[in-house]
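The values are calculated or read from the model by the stated rules, or taken from the named source; none is laboratory data. Note that this is a predicted model, so its numbers are computed, not measured. Cβ: placed from backbone, ideal geometry, glycine included. Neighbour counts: every protein chain shown. Heads up: the accessible areas ignore ligands, DNA and RNA and are worked out on the full protein's heavy atoms, side chains in. Shrake-Rupley method; radii C 1.70, N 1.55, O 1.52, S 1.80 Å.
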Amino acid sequence: MTEIGIVAVGGYNEMGKNMTGVRIDNDIIVLDMGLRLDRVQIHEDLEVDEMHSMDLIKLGAIPDDTVMKEVGGKVKAIVCAHGHLDHIGAIPKLAHRYNAPIVATPYTAELVKHEISDERKFRVKNEIIPVKTGGTYDVTPDIQVEFIRMQHSIVDAAFAAIHTTEGVILYASDFKLDRTPTIGEAPDFQRLRKLGKEGVKAMVTESTNSGNSGKTPSEQIAKDLVRDVLLGTEETEGGVIITTFSSHVSRINAIIQAAEEMERIPVLLGRSMERYMSIAEKLDLIKFPDNLEIHGNRNAVDKAFKRIINDGKEKYLPIVTGHQGEPNAILTRVANGETHYNIESGDKVVFSANTIPNPMTIANRYALETKLKMRGARLYDNVHVSGHAGREDHWELLRMISPEQVIPSHGNIEMHANYVEMAEDAGYVFGDTVHIMRNGEEMII
Ligand SMILES: [Zn+2]
């Protein structure tokens, strides 16, 4: 009889640093190796690229994978289902400890390569294997990993189904059930229903927004919001600047399309904007208009701003980093008067993002907005829809998959409790078929 264990390594006590192990007898599949960004940002001068894993573990910035030593078995593959930093950001610090390939969807695999190339402390030599959604990877003769097409706030997101002789373990994090996505196709509902019919032994899923009532609106809604807001700013002439998540390729694409309608030149500014968007273009996920500009490093950004001011602000739409008020991000530098782009009375600043609800980002955003207002900017807040499933999306997925056991991850205990309540409504029993796990635990299923 094969024994299957779920190992909660990181992301079960908090938002961020996600890492889960699935042990099938002595073979282990690691799902995600993420970074917890707020634990890095709280120290002003951390050079993460040069830091040792153990120091980052002590800070709570990366998963404490020392638990893996206590779990019997050997890691055979590291699987990443999407490219957000809270899922891949710890790979440069942890992956070299395992003699195992990194398996990811093509866009995610490219991002992993870039993360590794930034690393200055460790030599990470794990093979990186891109697998398209709909495809599988043979981990051992008895274990396959299948990527199933999903939608999320980054392109090329997937669920990972681990096929074993004892049945399927489904890793369902992160996701939204978006039937009208603006890039890529809707989730592969047909495949998910089939998996559900065949029988899923356990599902590990995100709990993040399981406390939010209803269903998360489609990205198409965000696209319409962005267009309406941006075109509406054109009633008076002046500067318009917009900020969003640099990894949100669909959103940035919607902004670029609105810029075309406004007859403004879209200018992507910031290192992370350059990274996420140029990889998306390289992989043919998006097509840039001919007049689009991208400037990554600080010198190029400063030069671009100088030229924009000389040519006339009203001809350009800068798309910038800094929606959370991060120190050193471009919008923060603009608000501080550190660039040539001086905000004048009546200039518009659009936030195509929510405020991440931790005290530090709330404070940063407050400072940023106050500085912008003091210069006379008009602000448009929360031109955004979430990339995470709401409570009724969770209900739908749970009923569709009907796993024997379900374990919420990707959240704090309050989020897990919200998930458990929803699961109880669907007939699951706390402690019997729906479980709350804490970092460092293994559960045998
Ligand atoms: Zn994510």
Q. With every protein chain in place, what's the accessible area of SER153 (1.4 Å probe, Å², nearest 10)?
A. 20 Å²
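Work out the FRET efficiency for GLU260 and GLN220 from their Cβ-Cβ distance, taking R0 = 22 Å, and round it to the nearest 0.05.
On the way: r = 18 Å, r/R0 = 0.81.
It comes to 0.80.
With every protein chain kept in place and ligands, DNA and RNA left out, what is the accessible area per residue of region 275-381? Probe 1.4 Å, answer in Å². Spell out each step's value before the answer.
Details: 5240 Å² over 107 residues.
It amounts to 49 Å² per residue over region 275-381.
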Q | Sulfur and carbon atoms: percent of accessible area, region 74-113 [1.4 Å] | A | 54 percent
Q. So which residue, out of GLY21, GLY312, GLY11, gets the largest mean-square fluctuation from a GNM of the chain using Cα contacts under 10 Å as springs?
A. GLY312
(Q) Please compute, for the alpha-carbon atoms of region 394-434, the extent along each of the three principal axes and give them in descending order in Å. (A) 24, 19, 15
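In whole percent, how big is the carbon plus sulfur part of the accessible area of region 219-380, probe 1.4 Å, protein atoms only?
Numbers: 3450 of 7260 Å².
C and S atoms contribute 48 percent here.
Structure shown: which of LYS132/LYS282; LYS58/LYS121; LYS223/LYS315; LYS93/LYS125 lie over 19 Å apart, alpha-carbon to alpha-carbon? Don't skip to the end; give the middle numbers.
Values: LYS132/LYS282 16 Å; LYS58/LYS121 17 Å; LYS223/LYS315 22 Å; LYS93/LYS125 12 Å.
From the list (LYS132/LYS282; LYS58/LYS121; LYS223/LYS315; LYS93/LYS125), the Cα-Cα distance tops 19 Å for LYS223/LYS315.
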Q. Which ³J(HN,Hα) values in Hz, rounded to whole numbers, follow from the phi angles of region 169-184 under the Karplus curve 6.51 cos²θ - 1.76 cosθ + 1.60, where θ = phi - 60° and Gly and Pro get x?
A. 10, 9, 9, 10, 8, 9, 7, 9, 8, 9, 7, 10, x, 9, 9, x
Q.
What are the extents of the Cα atoms of the chain along their three principal axes, in Å, largest first?
A. 73, 44, 38
Q.
Just to be sure I understand: of the beta bridges DSSP finds with both ends in the chain, what percent are antiparallel, rounded to 5?
A. 45 percent
Q: Treating the angle as unsigned and between 0 and 90°, give the value, to the nearest 10°, between the Cα long axis of helix 391-401 and the longest Cα principal axis of the chain.
A: 40 degrees
Q) Label THR66 and LYS125 with points 7 Å out from Cα along Cα→Cβ: what is the distance between them in nm? A) 2.7 nm
Q.
Can you list residues from other chains, or at least 5 along the same chain, whose modelled amide H is less than 5 Å from the amide H of THR164?
A. ILE169
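So what is the relative contact order for region 11-121, in percent, with contacts set as C-alpha pairs under 8 Å and at least six apart?
Values: 189 pairs, mean separation 34.4, N = 111.
Rounded, it is 31 percent for region 11-121.
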Q: Round to a whole angstrom and tell me the spacing of the C-alpha centers of region 336-362 and region 234-252.
A: 11 Å
Q) Pick from ILE319, ILE62, ILE221: which residue has the top mean-square fluctuation in a GNM of the chain where Cα pairs under 10 Å get a spring? A) ILE221
Q) So if R0 is 30 Å, what FRET efficiency would LYS287 and ASP118 give, r being the distance between their Cβ atoms, rounded to the nearest 0.05? A) 0.65
Q. When the Karplus curve 6.51 cos²θ - 1.76 cosθ + 1.60 is applied with θ = phi - 60°, which whole-Hz ³J(HN,Hα) does each residue of region 114-126 get, with x for Gly and Pro?
A. 5, 4, 5, 5, 7, 5, 10, 8, 10, 9, 9, 10, 4
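Provide the gained length on full extension for the span ASN310 to ASN13, in nm with one decimal, where the gain is 0.36 nm per separating residue minus the Cα-Cα distance. Could the numbers behind the result be given before it?
Values: separation 297, 0.36 × 297 = 106.92 nm, distance 5.04 nm.
Taking ASN310 through ASN13 to full extension adds about 101.9 nm, to one decimal.
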Q | Residues ARG191 and GLU404, FRET efficiency given R0 of 22 Å [Cβ-Cβ distance, rounded to 0.05] | A | 0.70
Q: Can you tell me how much longer the chain between MET1 and ASP138 gets when fully stretched, taken as 0.36 nm per residue apart minus their C-alpha distance, in nm with one decimal?
A: 47.2 nm
Q | Distance from region 364-392 to region 58-100 (C-alpha centre basis), Å | A | 33 Å
Q: Give the long-range amide H neighbours of ARG378: residues separated by 5 or more places, or on another chain, with amide H under 5 Å away, using H modelled in the peptide plane at 1.01 Å from N.
A: GLY346, ASP347, LYS348, VAL349
Q. With each label point set 7 Å from Cα along the Cα-Cβ vector, what nm distance links ALA367 and THR433?
A. 5.0 nm
(Q) Run the paramagnetic zone check for GLU198: 7 angstrom along Cα to Cβ, then residues of region 154-191 with backbone nitrogen under 14 Å. (A) 160-171, 190-191
Q.
Spelling out what I want: for every residue of region 223-239, take phi, set θ = phi - 60°, compute 6.51 cos²θ - 1.76 cosθ + 1.60 (Karplus), and round to whole Hz; glycine and proline get x.
A. 4, 5, 4, 4, 5, 4, 5, 5, 5, x, 6, 8, 5, 10, 7, x, x
Q | Long-range HN-HN contacts of ALA61 with modeled amide H, under 5 Å | A | none
**Q.** Dimensions in Å of region 219-380 - Rg and Dmax from alpha carbons
**A.** 14.5, 42
